[in-house]
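Where a number appears in this text, it was derived from the coordinates with a stated rule and is not lab data. This one's a predicted model, so the numbers in the text were calculated from it and none came from an experiment. With ideal geometry, Cβ positions are generated from the backbone for all residues, glycine too; neighbour counts draw on all protein chains shown.
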Amino acid sequence: MPRKTTISLIKCDVGSLAGHYIVPQPLLSVAEKNLKAAAKEGLINAYYVFNAGDDLQLLMVHEKGESNPNVHKLAWDTFKEAADKALKLKLYGAGQDILKTAFSGNIRGMGPGVAEMEIEERGSDPIVVLAADKTSAGAFNFPLFRTFADPMNTAGLVIDPDMAGGFKFEVIDTMENKKVVLKSPEEMYELIALIGTVQRYMISHVWRARDDLICAAGSVTRLSQIAGKYVGKDDPVAIVRAQHGLPAVGEVLVPFMHSYLVEGWMRGSHWGPIMPVGMKDAKCTAFDGPPRLVALGLQIANGKIACDDDGKPMIADLFDDPAFDLARREAMEYASMLRRMGEFEPARLGPDEMEYTTLQQVLDKIKERFKSA
Ligand code: F6R
Ligand code: MG
Ligand code: MG
């Protein structure tokens, strides 16, 4: 029986330094302490704590399956403890993504974002983890489409017989809370019709069509939909499996050679250019951005993350590379163009998508002054 290993990536904005800039060391240390203890107890086999801007990211590898209440509780308790620490330190937005106070078995729907994938370990299993700040899950529709469906992006779709059957995409309708599976290439146009609407439809899973091998899992929460009003952030995460009959790591990364526009950025209310960065630059500055994206490469090995000689997980900081200088440069060019437009659409999101809006107050204030035109 091949080993079944689960990769859980759970993230939360628990509070940050200097506004919404970065998760500071004391909060990362809380996570490090708790995950280390959980690994010692045997709940998880391996972990890596990192940040994407102001989001605390818990990458955990274990054999307990997806939606495991104990693994989710570990994440929940860790976020609560880190948020308490943030509150004591008077850091900004302490506990901002924690919607409820009592844990009820699954962290989904409680504020934090979750991407999970249970895999049967192959001979060697390379994984790419994507984590973005100041944007939402629809930001991954475009690169996931390009990686798994676009033959101009992924050479393997054309020249690797193991990929010839194409891929299946599970798409969530976040407004209606429904999901549908579409198969590419046969239903590529229908797929694009949905996922091109990045504010509503989001890719949650991808499988290889010929054998249903799981290849990608993304977080697809819309906190505003859960809470009924704007409350916290949906900064997204995704786990992508690569190589040997799947897109190569390089084919997962090539969509990020160029910047593209995503919703989020300042006050979650603007279109902004995605900027792929190394972990040292995973921090948002200009206009609370531009939206940053990190990519971590790792190998799953015997229920753990492959480690170095000192037992530390080996993590490749994939965007820490001059190959992405062009995208970073483009991101700043697009950023300067968009900011020149100020609060005029399409630089600013349409009224239904803005996290903050004063439109109703403005209309209320001047309603008596409107005359028939
Ligand atoms: C966007 C984000 C920030 C804040 C902005 C205002 O996701 O977190 O851009 O929206 O800094 O924050 P407040 O209203 O907390 O001052
Ligand atoms: Mg924040
Ligand atoms: Mg964030």
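DSSP loop GluC sites (Glu not before Pro) in segment 22-92 with at most 16 other Cβ atoms within 10 Å of their Cβ, which ones?
Numbers: sites: GLU32, GLU41, GLU63, GLU66, GLU81; in loops: GLU63, GLU66.
The qualifying sites are GLU63, GLU66.
Using only C-alpha positions, report the orientation-averaged shadow area of the convex hull of segment 78-197, nm², one decimal.
10.7
Could you give the distance between the Cα centres of segment 271-297 and segment 168-200, to the whole Å?
26
Once you put a point 7 Å from the Cα of ILE214 and another 7 Å from the Cα of GLU32, both along the Cβ direction, what distance in nm separates them?
3.0
Over segment 38-91, what is the mean sequence separation of C-alpha contacts under 8 Å (at least six apart), divided by residue count, expressed as relative contact order in percent? Each step should come with its number before you reach the end.
Numbers: 38 pairs, mean separation 14.1, N = 54.
Reported as a whole number, the value is 26 percent.
What value, in deg cm²/dmol to 500, does the helix sum -39500 (n - 2.57) over DSSP H runs of n ≥ 4 give at 222 nm once divided by the residues of the chain?
The helix contribution divided over the chain gives -7500 deg cm²/dmol.
In whole Å, what are the extents of segment 291-372 along the principal axes defined by its C-alpha atoms, from largest to smallest?
Taking the Cα atoms of segment 291-372, the three principal extents are 76, 31, 17 Å.
Quick one: check the C-alpha center-to-center distance for segment 80-128 versus segment 1-47, whole angstrom.
8
If you rank TRP207, TRP265 by fewest surrounding Cβ atoms within 10 Å, what's the result? Please report the intermediate quantities before stating the final value.
On the way: TRP207 18, TRP265 28.
If I rank by nearby Cβ atoms, fewest first, I get TRP207, TRP265.
Ordered by packing density, taken as the mean number of other Cβ atoms within 10 Å over each peptide's residues, highest first, how do 278-289, 177-188, 195-206, 307-318 rank?
Highest mean packing first, the order is 195-206, 278-289, 177-188, 307-318.
Evaluate 2.2 N^0.38 Å with N set to the residue count of segment 153-221, then give the Cα radius of gyration divided by it.
1.12
Using just the alpha carbons, could you tell me how many Å³ per residue the convex hull of the chain encloses?
About 161 Å³ per residue, rounded to a whole number.
Using only alpha carbon pairs under 8 Å that are at least six residues apart, calculate the relative contact order of the chain and give it in whole percent. Kindly include the intermediate steps, with their values, before the conclusion.
On the way: 844 pairs, mean separation 68.8, N = 373.
The normalised contact order for the chain reaches 18 percent.
If you consider only alpha-carbon coordinates, what radius of gyration and Dmax does segment 260-327 have, in Å?
Considering segment 260-327 through its Cα atoms, Rg and Dmax are 15.4, 46 Å.
Could you run the Debye sum over the Cα atoms of segment 36-131, one equal point scatterer each and no solvent, and tell me log10 of I(q)/I(0) at q = 0.11, 0.15, 0.25 Å⁻¹, two decimals?
-0.36, -0.66, -1.56
How would you rank 361-373, 343-355, highest first, on the average number of other Cβ atoms within 10 Å across their residues?
Ranking, from highest mean packing down: 343-355, 361-373.
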